[in-house]
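Nothing in this text is a laboratory measurement; each read-out follows from the coordinates by a stated rule. This is a predicted model, so every value here is computed, not measured. Cβ sites come from the backbone with ideal geometry, for glycine too, and all protein chains shown count toward neighbours.
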Amino acid sequence: MPTMRAVVVDTPGDPDQLTIRDIERPEPKPHEVRIRVQATALNRADTYQRRGHYPPPEGAPDTLGLEAAGTIDAVGTDVIDWAPGDRVCALLPGGGYAEYAVAHAGHVLPVPNGIDWIQAAAFPEVFLTAYQALHWLANLNEGETVLIHAGASGVGTAATQIARLHDAIVIATASAPKHDICREAGAQHTIDYENEDFAERVPAITEHGADVVIDFVGAPYFNRNIEVMATDGRLVQLATMGGSTVNDMSLRALMAKRIHMHASTLRSRSDAYKTRLVQVVRAVLDGYWEAGRIAPVIDSVMDWTRVAEAHRRMEANANAGKIVLQVEA
Ligand SMILES: NC(=O)c1ccc[n+]([C@@H]2O[C@H](COP(=O)([O-])OP(=O)(O)OC[C@H]3O[C@@H](n4cnc5c(N)ncnc54)[C@H](OP(=O)(O)O)[C@@H]3O)[C@@H](O)[C@H]2O)c1
């Protein structure tokens, strides 16, 4: 049985549990392609999964890694759109931290000309998540005001860039050292959430309030998010990094402003949903990506043998943008 090297979690726990070992090389099913991985990128979910708190969905590989870039080396019998040798990146249900990863053929994107493996590996998860949040869930209209929390995160920097393509006004919250990153991504206003209260700053920036809020922090922000939102505002909850139980929540406050709330995880969506999302993102964003109008913000690039250090960096909130692991030297 052919083998490959992959990052394995010995026992769920701290980053030292991550080691590179030989495991069985995956074979593509009829609707899948196999990618010879050049680079993969970290997502917060990898750190939760490593700790044993975020099990992979049914049928997904145990190996960490929600995205990867590389060259297709094998295609399943039903695949007609891709061929060995194609340069691609892909959204994965898992398995990206490995020399080979299999992807649903509908979850694969071509790597535009001039884009390297580092950029390609960092693109799928954050841009697909951010596009879905802003356009499919929040129905962002041109010129609206968007409040993006964790503005220097991988998803936050992607959301800022996509919102700016729509001439939105972006207000980003982040710790002070990361404000330059938020501004480079396109945010016109930044709030240092550790020393300022966004519930005071947002009304000072816009009397009308935020039309859209993209939130990853959760419970400690919920009531203040509603407070700073415009009538008919849309709140998209993508994570609960600060806690998930909201006390003293007033449904009346939501009704008074006719707030729409969406809560979502991309990983749990159906294959058909992800295929549609990939098609739309390819059609809408590929040209901007190739032209350099959007690009994943890269925090750091490490050889994959430094995977434990990469996880520590993310868990310490030291990264701004994506941490990329190079799998091929
Ligand atoms: N629902 C979905 O479909 C979906 C998809 C992808 C990702 N996600 C989630 O979205 C979140 C962001 O992911 P990512 O990979 O982009 O993260 P990331 O690049 O690691 O950035 C996260 C940043 O959030 C800030 N932060 C952390 N805890 C915070 C808290 N309690 N209060 C305020 N700010 C806090 C930190 O920056 P500062 O220095 O500014 O504090 C940290 O660096 C993760 O929780 C991830 O699991 C959800």
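The table below lists the values:
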| read-out | value |
| --- | --- |
| The chain, relative contact order in percent, only Cα pairs under 8 angstrom and at least six apart counted | 18 percent |
| By average C-beta atoms within 10 angstrom, highest first, the peptides 205-217, 74-86, 33-45 | 33-45, 205-217, 74-86 |
| Around Asn223: net Lys/Arg minus Asp/Glu count, Cβ-Cβ under 13 Å | -1 |
| Ascending count of other beta-carbon atoms within 10 Å, so fewest first, for Ile23, Ile181 | Ile23, Ile181 |
| For the stretch 256-308 versus the stretch 66-134, the gap between their alpha-carbon centres in whole angstrom | 12 Å |
| Rounded to whole Hz, the Karplus (6.51, -1.76, 1.60) HN-Hα couplings of the stretch 122-135, x for glycine and proline | 8, 7, x, 4, 6, 6, 5, 4, 5, 4, 4, 5, 6, 9 |
| Simple spin-label estimate for Asp180 and Glu207 in nanometres, 7 Å along Cα-Cβ | 3.6 nm |
| Ranked list, fewest to most other Cβ atoms within 10 Å of each Cβ, for Glu27, Glu32 | Glu27, Glu32 |
| Kirkwood estimate for the stretch 94-134, i.e. one over the average of 1/r between Cα atoms, Å | 11.7 Å |
| Which of Lys178, Lys274, Lys322 has the fewest Cβ neighbours within 10 Å, and the rest in rising order | Lys274, Lys178, Lys322 |
| Protection-proxy order for peptides 61-70, 167-176, 11-20, each taking the mean of Cβ atoms within 10 Å per residue, highest first | 61-70, 167-176, 11-20 |
| Rough spin-label spacing in nm, given labels placed 7 Å along Cα→Cβ, for Ser270 and Glu194 | 4.4 nm |
| Net charge contributed by nearby residues that have their C-beta within less than 15 Å of Pro12 (K/R +1, D/E -1) | -4 |
| Mean separation of Cα contacts under 8 Å (6+ apart) over length of the stretch 127-263, as relative contact order % | 21 percent |
| Spherically averaged projected area of the stretch 34-153 from its Cα convex hull (nm²) | 9.2 nm² |
| Antiparallel bridge percentage (DSSP; both residues within the chain; nearest 5) | 55 percent |
